[in-house]
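Novice: My questions will all concern the structure given below.
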Amino acid sequence: MYPIIGLKGTNGSFIGVYPEIFLMISVLFLIVFLVVLDYIFKYKFILSALTGRLTLFIFSLTFLLLLNNFELKTVIFDYLLISNYFINLIKCIVLISLSICICVSFNYIKVEKIVQYEYFLLLILVLLGIFTIASANDLITMYLAIELQSLSFYVLASIKIFSNFSTEAGLKYFILGAFSSGVLLFGSSLIYGFTGITNFYDLNLLFNNLPYIDESIYWGLILGIIFVSTGILFKLGAAPFHMWLPDVYEGIPTIVTMVFAIVPKIAIFCLFLNLGINFFFVTLFTWKQLLIVSSILSVTIGTLGALYQVKLKRLLAYSAISNIGFMLLGFSNLSIDGIFAMSFYIIVYMIISLNLFSIILILRKRINNLKFKKINELVLLFKSNTAVAVIFSLILFSIAGIPPLMGFYSKFYIFLSIIKDQNYWLAILIASISVIASMYYIRLIKLMFFKVFNNWVFFFEIGKLESFIISITFFFNIYFFFYPSLFVLWVQNLTFSLFL
């Protein structure tokens with residue numbers, strides 16, 4: 001029998017869900033508190049700033065609660081939720097990433113005059129949904145957690161209420177997201193209809209006896225797995241279910257784009273890993289082919305689509321599609337090497353994305369106080385702000401996979417896991433596409449350093465907090481060049497904890 005994530009623990013203990021309970025109580029209290037203040041207080045921007053700082057305080061207390069039960073292995077509510085080292089560490093990474101997104105967004109909110117305090121309340125609900133997704137051990141819990149996160153994202157996408165682009169993007173995301181939720185629910189219904197089981201633990205026991213199951217039930221389960229996988233791939237934005245991602249990235253505010261690009265992916269992949277190890281592994285051939293096809297399409301469409309983009313956020317959207325394809329490649333065989341490569345890649349991707357989006361959010365033209373929209377507006381960044389241009393260039397090189405930066409090692413481990421699985425043709429194909437992908441990153445660097453432009457572009461000074469965040473996230477990229485073994489060993493221990 002294949003190992004089940006985190007099911008070696010005590011049942012009936014609420015300590016494993018203390019962070020979730022605290023977040024739920026906090027957001028309910030904040031809603032009542034802020035509605036009262038909103039009624040008696042007329043300065044909305046002050047109320048929004050206060051809510052942002054209260055949110056960071058709530059996140060810091062949640063982080064302490066996570067540290068309190070970091071090594072704990074327990075099951076909650078009769079195996080509806082689980083808690084272990086791997087899941088708690090994923091929650092800590094998500095919490096830190098979301099806190100950084102909030103810290104970087106303060107200046108953007110002030111300049112763009114987004115005074116709705118609901119933005120921060122929705123981020124708390126997003127975090128609550130992601131925590132529940134990571135701990136989910138039942139098809140019903142999984143679906144409800146994904147919907148909690150998705151509903152919050154639907155509203156966040158339309159948070160800029162006076163922007164037609166934001167409204168259109170939010171509506172498009174809502175319609176397609178509701179469709180993907182229906183596909184996910186239909187797949188879960190098929191699995192329940194053919195087995196009468198929703199719990200991952202019981203499904204693991206059933207799937208390990210698939211050879212003795214009636215053929216009609218077997219194919220019904222396979223169909224259910226395909227629908228569930230399709231729904232999750234739709235939520236990730238993997239091809240061929242990517243059509244909503246570029247439009248949504250472009251239309252929504254950049255602070256929400258940053259959250260979209262960084263925060264939910266690791267929780268969805270954690271859920272995917274839980275599903276894969278528990279019962280998709282038994283039907284590995286069918287599931288593997290689905291993931292390989294999706295990964296090839298994602299890398300190809302993401303690469304070719306980005307080559308023709310002139311808008312920065314659409315280019316980053318296609319880059320995100322390509323990176324999702326790489327994550328799925330490491331995930332397709334469910335070996336220890338593949339899981340390690342996928343875990344390493346997604347953590348590196350989060351660090352790089354935090355650095356990249358922080359720079360994009362902070363850079364504003366001094367002449368009209370506008371943010372960047374098109375890639376040709378990056379001209380002469382090297383002459384205007386040399387330090388930011390150098391950091392931005394090294395981050396782009398890292399995403400492109402140029403050695404010896406962190407992004408190169410993440411792609412290297414993906415290729416290594418594919419080769420160990422003896423998929424040589426797949427490694428050659430993806431490597432060839434990766435060479436093409438480096439072109440659109442190098443094009444941005446060419447614009448910053450070598451493009452001849454008649455007019456000078458000056459930028460506002462970067463604040464101390466934003467400079468500190470950019471420096472810290474960039475430090476990880478450089479530190480890996482000098483001492484990579486520490487981070488690699490840490491991710492290896494994280495991977496091995498799944499099988500202990």
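Readers should treat all values here as calculations from the given coordinates under stated rules, not as data from a laboratory. None of the values given here were measured: they were computed from a predicted structure. Here the Cβ positions follow ideal geometry from the backbone for every residue, glycine too, while neighbour counts run over all protein chains shown.
Novice: Taking 0.36 nm per intervening residue step and subtracting the Cα-Cα distance, what contour gain separates ILE140 from LEU56 on full extension?
Specialist: The span from ILE140 to LEU56 would gain 27.2 nm if fully extended.
Novice: A follow-up question, please. Place the peptides 484-496, 63-75, 311-323 in order of packing, highest mean first, counting for every residue the other Cβ atoms within 10 Å and averaging per peptide.
Specialist: Packing proxy ranking, top to bottom: 311-323, 63-75, 484-496.
Novice: On a full-extension model of 0.36 nm per residue, what is the gain between PHE165 and LYS420, subtracting their alpha-carbon distance, rounded to one decimal in nm?
Specialist: That pair, PHE165 and LYS420, stretches by 87.2 nm at full extension.
Novice: Tell me which label goes with the value of P(r) over Cα pairs in 10 Å bins from 0, in percent computed from the coordinates here: (1) 3, 11, 12, 12, 12, 12, 10, 8, 6, 5, 4, 3, 1, 0; (2) 4, 19, 30, 28, 14, 4, 1, 0; (3) 4, 18, 26, 23, 14, 9, 4, 1, 0.
Specialist: Here P(r) over Cα pairs in 10 Å bins from 0, in percent agrees with entry (2).
Novice: As an exercise, use a Förster radius of 25 Å and the Cβ-Cβ distance of ASP78 and ASN209 to find the FRET efficiency, rounded to the nearest 0.05.
Specialist: 0.65
Novice: Pop out the ³J(HN,Hα) list for the range 176-181 in order, Karplus 6.51 cos²θ - 1.76 cosθ + 1.60 with θ = phi - 60°, rounded to Hz; leave Gly and Pro as x.
Specialist: 6, x, 5, 5, 5, 5
Novice: Compute, for the chain, the length of the dipole vector about the Cα centre, with Cβ point charges of +1 (Lys, Arg) and -1 (Asp, Glu) only. Units Debye, rounded to 20.
Specialist: So the magnitude is around 1980 debye.
Novice: Apply 1/(1 + (r/R0)^6) to the Cβ-Cβ distance of VAL111 and PHE499, taking R0 = 60 Å, and write down the FRET efficiency to the nearest 0.05.
Specialist: 0.80
Novice: What ³J(HN,Hα) values, in whole Hz, does the Karplus curve 6.51 cos²θ - 1.76 cosθ + 1.60 give for the range 136-148 when θ = phi - 60°, with x put for Gly and Pro?
Specialist: Karplus values, whole Hz, x for Gly and Pro: 4, 9, 8, 4, 5, 4, 4, 5, 5, 5, 5, 5, 4.
Novice: What is the chain's relative contact order, in percent, from Cα pairs under 8 angstrom and six or more apart in sequence?
Specialist: The value is 15 percent.
Novice: Let me ask you something else. Which of the aspartates and glutamates could be linked to LYS44 by a straight reach, that is with a Cα gap under 13 Å, when you skip same-chain ones fewer than 8 residues away?
Specialist: Those aspartates and glutamates meeting the cut-off are GLU118.
Novice: If we sort 29-42, 384-397, 344-357 on the protection proxy, mean other Cβ atoms within 10 Å, highest first, what's the order?
Specialist: In decreasing order of mean packing, 29-42, 384-397, 344-357 become 344-357, 384-397, 29-42.
Novice: Going through the cross-link list LYS113/LYS311; LYS160/LYS235; LYS265/LYS288; LYS110/LYS374; LYS365/LYS411, which pairs have a Cα-Cα distance over 27 Å in this structure?
Specialist: As for pairs spanning more than 27 Å Cα to Cα, those are LYS365/LYS411.
Novice: If you count the DSSP beta bridges with both ends in the chain, what percent of them are antiparallel, to the nearest 5?
Specialist: 80
Novice: Sort 161-167, 358-364, 327-333, 418-424 for me by packing, meaning the mean count of neighbouring Cβ atoms within 10 Å per residue, highest on top.
Specialist: Sorting 161-167, 358-364, 327-333, 418-424 by mean packing, highest first, produces 327-333, 358-364, 418-424, 161-167.
Novice: Does the range 384-500 come out rounded, prolate or oblate, given a ≥ b ≥ c as the square roots of the eigenvalues of its C-alpha gyration tensor, rounded meaning a/c under 1.5 and, failing that, prolate meaning a/b above b/c?
Specialist: oblate
Novice: LEU64 to GLU377: extension gain in nm, 0.36 nm per residue of separation minus the Cα-Cα distance?
Specialist: Gain on extension, LEU64 to GLU377, equals 108.4 nm.
Novice: Determine the shape class of the range 173-257: with a ≥ b ≥ c the square roots of the Cα gyration tensor eigenvalues, call it rounded for a/c under 1.5, and otherwise prolate if a/b is greater than b/c, oblate otherwise.
Specialist: Prolate shape, in that a/c is at least 1.5 and a/b is the bigger ratio.
Novice: Which of the aspartates and glutamates could a cross-linker bridge to LYS373, judged by Cα under 14 Å and excluding same-chain residues fewer than eight apart?
Specialist: ASP247, GLU250
Novice: Can you compute the label reach from ILE40? Point 7 Å from Cα along the Cβ direction, backbone N cut-off under 20 Å, restricted to the range 111-127.
Specialist: Answer for this model: 117-118.
Novice: Using 7 Å Cα-to-Cβ label points, what is the PHE468/SER189 separation (nm, one decimal)?
Specialist: Placing both labels 7 Å beyond Cα along the Cβ direction yields 5.1 nm.
Novice: Modelled label-to-label distance, CYS92 and LYS172, 7 Å Cα→beta-carbon offset: nm?
Specialist: 3.9
Novice: Could you go through the range 388-400 in sequence order and give the Karplus-derived ³J(HN,Hα) for each residue, using 6.51 cos²θ - 1.76 cosθ + 1.60 with θ = phi - 60°, rounded to whole Hz, and x for Gly and Pro?
Specialist: 5, 5, 5, 4, 4, 5, 5, 5, 5, 4, 5, 5, 5
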